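Participant: Please find one structure pasted underneath; my questions will follow.
Each value in this text was obtained by applying a stated rule to the coordinates, not by laboratory testing. Just so it is clear, the model here is predicted, and its values are computed rather than measured. When we count neighbours, we look across all protein chains shown, and the Cβ atoms used for this are built from the backbone with ideal geometry, even at glycine.
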Amino acid sequence: MIAALSVAELLAGYRSGALSPVDVMQAVLAQADARESQLHALCALDADAALAAARASEARWRAGTPLALDGVPVTLKENIAVPGAAYRLGTAATPADAVAGFEAPPAARLREAGAIAWARTTMPDYGMLSSGLSSLYAEPARNPWDTALTPGGSSAGAAAAAAGGYGPLHLGTDIGGSIRLPAGWCGLVGLKPSHGRVPIKPGYAGRVAGPLTRTVADAAAMLAVLAQPDARDPTQLPPGDVAPRPMDVRGLRIGLMLDAGWGDAVQPEVREAITAAARAFEQVGAIVEPLAGFTTRDMADGIDRFWRMRSWLDISALPAAQRERVLPYILDWVAPAAGYDGGTVFHGYSQMQALREAANAACEPFDFVLSPVSPMPAYPARQASPRHDPARPFEHIAFTLPFNMSEQPALAINAGCTAAGLPIGLQIIGRRFDDAGVLALGALWEQWRPAPPPWPFRA
């Protein structure tokens, strides 16, 4: 199946002449056409422009002047700005004619590398849910492993497209788990890079862009292109080597965190899979030690309150007719912020730094930390969160949120499946700036883990 080929396979095929970017793009479009009525992964698609870009790529290959990712299909999450493209942030509250007036750095880097950004993927209102539920789209994104369930979010459509076989590369964003949660629930590789590694605009505390792919090698190939400085992001990092390096696991100190300190309890099948992964590293010489949860309820609730205020300010500023179009769950979530005083908001803001310090102190003794991505597998597609409770919206992000605040790289990768066949995500956390390390450890786990089931490319 051409649409399921990896980056390396596509580039080798283009180089040898066995594959054409045009044929590949046609195959990806055909796969999306076959699955989109079930998965609802895409909010925009321009087949004519994609095929024109493929023909231009084919000409570069024939001339011997290809670019780094020339002719490789990629999707962009709807909040990744592209000039002239719809920019509605997943919500019906944004006017129908809203378009981006700038090109976000990740979109620019992929374009400059010759990748074909052929479609844009769905997301929930303002990216504030871990599902694909949205006021903008008639149907939420669905999980290819079980279309009654969510793929996760907020990079919902990106994950559905990746697991559904819509080409190898998909770009998401993450502010509390929005790449890693859908990656974990869809059996994918999802990288939340070190903050600043992939410049982004607009920026925000903890917000990053990163790859959702089916293999570590594809994530690494995408990161190599994305990880270029861009002065429009004041948190940009200088150039650095992000390629996975050969790694000897013997003697590595690895922390195993199975209790985040707050949030939903880890379900037995998830605990068993993550523990088995840790034991596999131990059997080849790593030193695995338990790591107690370090996030407090005060930290989690403070950040929740700060985010509510941030969103309430944005939503309350909308004209009434637009405000009423926001997803009701989101309106219920932000409503309490109308009564917050300055002290409450500042305390919430301060908890981001408190969590950053706690995470860095807890992880410092270890080379890497392993944890679940989430305490449970995927849940029904029409729920905003596992609890579907706006009073407790974030109980499932206890393992992902800390590493947005601490700015450490964190990789989601499949650790196995439940008895019902649903993917379980393993999170690999590294020290800040060690994106290459988490990719390298992920690549080793990819070799050692039990063979996963075939991808659900067909209905």
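Participant: Counting Lys and Arg as +1 and Asp and Glu as -1, each charge on the Cβ, what is the dipole of the chain about the Cα centre in debye, to the nearest 20? Could the numbers behind the result be given before it?
Facilitator: On the way: 37 positive and 43 negative charges, 67 e Å.
The dipole of the chain has a size of about 320 debye.
Participant: Tell me, what is the FRET efficiency for residue 357 and residue 47 to the nearest 0.05, using R0 = 51 angstrom and their Cβ-Cβ distance as r?
Facilitator: On the way: r = 49 Å, r/R0 = 0.97.
Once rounded, the FRET efficiency stands at 0.55.
Participant: Right, something else. Need one number for the chain: average projected area of the convex hull over its C-alpha atoms, nm². Don't skip to the answer; put the middle values down first.
Facilitator: On the way: hull surface 79.8 nm².
Result: 19.9 nm².
Participant: Suppose a student asked you for the relative contact order of the chain, using Cα pairs under 8 Å spaced at least 6 residues apart; what percent would you report? Spell out each step's value before the answer.
Facilitator: On the way: 1111 pairs, mean separation 78.5, N = 459.
Computed value for the chain: 17 percent relative contact order.
Participant: Per-residue ellipticity at 222 nm for the chain, helices alone: DSSP H runs ≥ 4 residues times -39500 (n - 2.57), over residue total, nearest 500 deg cm²/dmol? List each step's numbers first, then the result.
Facilitator: Numbers: 14 runs with 168 residues, N = 459.
That calculation yields -11500 deg cm²/dmol at 222 nm.
Participant: Rounded to the nearest 0.05, what FRET efficiency is calculated for residue 224 and residue 341 with R0 set to 60 Å and r the Cβ-Cβ distance?
Facilitator: Numbers: r = 47 Å, r/R0 = 0.78.
Rounded to the nearest 0.05, the efficiency is 0.80.
Participant: So for region 2-226, what are the equivalent ellipsoid semi-axes in whole Å, largest first, each being the square root of 5 times an eigenvalue of the Cα gyration tensor?
Facilitator: On the way: eigenvalues 130, 66, 57 Å².
Rounded to whole Å, the semi-axes are 25, 18, 17.
Participant: For region 193-275, which trypsin sites (Lys or Arg not before Pro) are both in a DSSP coil and crowded by at most 14 other Cβ atoms within 10 Å? Don't skip to the end; give the middle numbers.
Facilitator: Working: sites: 197, 207, 214, 232, 250, 253, 271; in loops: 197, 207, 214, 232, 250.
When the trypsin sites (Lys or Arg not before Pro) of region 193-275 are filtered for loop state and at most 14 Cβ neighbours within 10 Å, 250 remain.
Participant: Further question: With just the Cα atoms defining each centre, how far is region 113-145 from region 424-459? Give it in Å.
Facilitator: The two parts, judged by their Cα centres, are 22 Å apart.
Participant: Where does each of 33, 218 land when they are ranked from fewest to most other beta-carbon atoms within 10 angstrom? Before the final figure, lay out the partial values.
Facilitator: Numbers: 33 11, 218 24.
Final ranking by Cβ density, sparse to dense: 33, 218.
Participant: If you count the DSSP beta bridges with both ends in region 2-226, what percent of them are antiparallel, to the nearest 5? Kindly include the intermediate steps, with their values, before the conclusion.
Facilitator: On the way: 12 of 21 bridges.
If I count the DSSP bridges inside region 2-226, around 55 percent turn out antiparallel.
Participant: Oh, and also: When DSSP assigns beta bridges and you keep just the ones with both residues in the chain, what percent turn out antiparallel, to the nearest 5?
Facilitator: 65
Participant: Taking neighbour Cβ counts within 10 Å as the exposure measure, how do 314, 125 sort from fewest upward?
Facilitator: Numbers: 314 14, 125 28.
Least to most surrounded, the residues fall as 314, 125.
Participant: Let me ask you something else. On a C-alpha basis, how far is the centre of region 318-378 from the centre of region 70-106 in Å? Whole number, if you could?
Facilitator: 24
Participant: Right, here's the next one. Once you place label points 7 Å from the Cα toward the Cβ at residue 98 and residue 282, how far apart are they in nm?
Facilitator: A separation of 5.0 nm, rounded to one decimal place.
Participant: Assuming R0 = 35 Å, what is the FRET efficiency of residue 321 and residue 296, from their Cβ-Cβ distance, to the nearest 0.05?
Facilitator: Values: r = 41 Å, r/R0 = 1.17.
For residue 321 and residue 296, the calculated efficiency is 0.30.
Participant: At residue 350 and residue 314, where each label point lies 7 Å from the Cα along Cα→Cβ, what is the point-to-point distance in nanometres?
Facilitator: 2.6
Participant: Here is a further query. Within a 10 angstrom radius of the beta carbon, how do 22, 198, 369 rank from fewest other beta carbons to most? Each step should come with its number before you reach the end.
Facilitator: Values: 22 17, 198 30, 369 26.
Ranking 22, 198, 369 by Cβ neighbours within 10 Å, fewest first, gives 22, 369, 198.
Participant: Can I ask one more? Using a ≥ b ≥ c from the Cα gyration tensor of region 90-174 (square roots of the eigenvalues), is it rounded, prolate or oblate, where a/c under 1.5 gives rounded and otherwise the larger of a/b and b/c decides, a/b for prolate?
Facilitator: oblate
Participant: Using the Cα centre as the reference, give the magnitude of the dipole from point charges on the C-beta atoms of region 2-226 (Lys, Arg: +1; Asp, Glu: -1; all else neutral), rounded to the nearest 20 debye. Present the calculation step by step, with values, prior to reporting the outcome.
Facilitator: On the way: 17 positive and 17 negative charges, 114 e Å.
With only Lys, Arg, Asp and Glu charged at Cβ, the dipole is about 540 debye.
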